[in-house]
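Engineer: I have a structure here, written as structure tokens, and I will follow up with some questions on it.
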Amino acid sequence: MKTTSKCTVFTAIGCLSVAALLLAADPPAASVPPDAALAKLKEGNLRFATSEISNGKPTAARRSETAQAQYPFAIIVGCADSRTAPELVFDQNLGDLFVVRTAGNLVDDHALGTIEYGVAHLGARLIVVLGHQRCGAVKAALESDHAPMTLIRARLNGSRTGSRYA
């Protein structure tokens, strides 16, 4: 490939990258600043921890509203464990959280793309990794020599096998 055509390709890629960043920086909805989003999560978790009953959980109006569009204020990366539902743990309503759940909280290329979508297109400005004790996926990965647990174990040991990200 000629030097001129290489420059043209790199210039085009650079321009497209800048355009993508500019578009991603201006989500369609007003986003909640990260500090305010974190405060909302902490308040909700306190309600959950103290067994307070929350008002306004999924109502017909909220279901109709979120059926049209979603504007989550935070992205939660959590374990697929059925005991750790972020909407419950943080006492939030439909459409408040954009949740990515995988066994052992592992972020592969698919999960990363989902997170990127939540930031770029939905306007979320806070990403929280929600861990928990006694994770069955982590335990199984550490005790198993069989797929798919070997991939989880490899990630736990810092390997980047099978993904760009550990």
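The values are calculated or read from the model by the stated rules, or taken from the named source; none is laboratory data. The structure presented is a predicted model; accordingly, all values stated were derived computationally and were not measured. Reconstructed Cβ throughout: ideal geometry from the backbone, glycine too, with neighbour counts over all protein chains shown.
Engineer: Within the set of pairs 6+ apart or on separate chains, which have a first residue in the range 34-52 that is touching a residue at least 24 places away in the same chain (Cβ under 8 Å), a second that is exposed (fewer than 15 other Cβ atoms within 10 Å of the Cβ), and C-beta atoms under 6 Å apart?
Structural biologist: Sorted first by the residue in the range 34-52, then by its partner, the pairs are 47/54.
Engineer: In this structure, does residue 137 turn out to be buried (at least 17 other Cβ atoms within 10 Å of the Cβ), farther than 21 Å from residue 45 by Cα, assigned by TED's automatic domain parsing to the domain that holds residue 41 and modelled with pLDDT of 85 or more? If you could, list the steps in order and put the result at the bottom.
Structural biologist: Details: buried (at least 17 other Cβ atoms within 10 Å of the Cβ): yes; farther than 21 Å from residue 45 by Cα: yes; assigned by TED's automatic domain parsing to the domain that holds residue 41: yes; modelled with pLDDT of 85 or more: no.
Spelling it out, it is not the case that residue 137 is buried (at least 17 other Cβ atoms within 10 Å of the Cβ), farther than 21 Å from residue 45 by Cα, assigned by TED's automatic domain parsing to the domain that holds residue 41 and modelled with pLDDT of 85 or more.
Engineer: Right, another one. When the range 53-80 is examined, which residues are found to be touching a residue at least 40 places away in the same chain (Cβ under 8 Å) and surrounded by fewer than 17 Cβ atoms within 10 Å (Cβ to Cβ)? Before you say what the answer is, go through the steps one by one.
Structural biologist: So the first thing to find is which residues in the range 53-80 are touching a residue at least 40 places away in the same chain (Cβ under 8 Å), and the list is 69-80.
Those that are touching a residue at least 40 places away in the same chain (Cβ under 8 Å) and surrounded by fewer than 17 Cβ atoms within 10 Å (Cβ to Cβ): 69, 80.
Engineer: I'm trying to understand the selection: among the residues of the range 38-65, which are closer than 13 Å to residue 96 by Cα and modelled with pLDDT of 90 or more?
Structural biologist: Within the range 38-65, the subset closer than 13 Å to residue 96 by Cα is 38, 40-41, 44, 56-58, 62-63, 65.
Correct list: 38, 40, 41, 44.
Engineer: Right, next: Residues to consider are 122, 106; find the one that is of a type in the set (A, V, I, L, M), buried (at least 17 other Cβ atoms within 10 Å of the Cβ), assigned by TED's automatic domain parsing to the domain that holds residue 40 and touching a residue at least 60 places away in the same chain (Cβ under 8 Å). Let's see the steps before the verdict.
Structural biologist: Details: 106 fails: touching a residue at least 60 places away in the same chain (Cβ under 8 Å).
Exactly one residue qualifies, and that residue is 122.
Engineer: Could you check the range 93-115 and list, in sequence order, the residues that are in contact with a Pro (Cβ under 9 Å, 6 or more places away or on another chain), modelled with pLDDT of 90 or more and not in a loop (DSSP other than H, G, I, E, B)? Walk me through how you get there before you give the answer.
Structural biologist: Within the range 93-115, the first condition is being in contact with a Pro (Cβ under 9 Å, 6 or more places away or on another chain), and the residues that meet it are 93-99, 101, 103.
Narrowing the set further to residues that are modelled with pLDDT of 90 or more leaves 93-99, 101.
Once the filter is applied, which keeps residues that are in contact with a Pro (Cβ under 9 Å, 6 or more places away or on another chain), modelled with pLDDT of 90 or more and not in a loop (DSSP other than H, G, I, E, B), the range 93-115 yields 97, 98, 99, 101.
Engineer: Restricted to the range 76-91, and to residues that are in contact with a Leu (Cβ under 8 Å, 6 or more places away or on another chain) and not in a strand (DSSP E or B), which residue is modelled with the lowest pLDDT? Break it down stepwise before answering.
Structural biologist: Filtering the range 76-91 down to residues in contact with a Leu (Cβ under 8 Å, 6 or more places away or on another chain) leaves 76-79, 84, 86-87, 89-90.
Restricting the remaining residues to those that are not in a strand (DSSP E or B) gives 84, 86-87, 89-90.
Values: 84: 85, 86: 94, 87: 93, 89: 92, 90: 94.
Restricting to residues being in contact with a Leu (Cβ under 8 Å, 6 or more places away or on another chain) and not in a strand (DSSP E or B), the top hit is 84.
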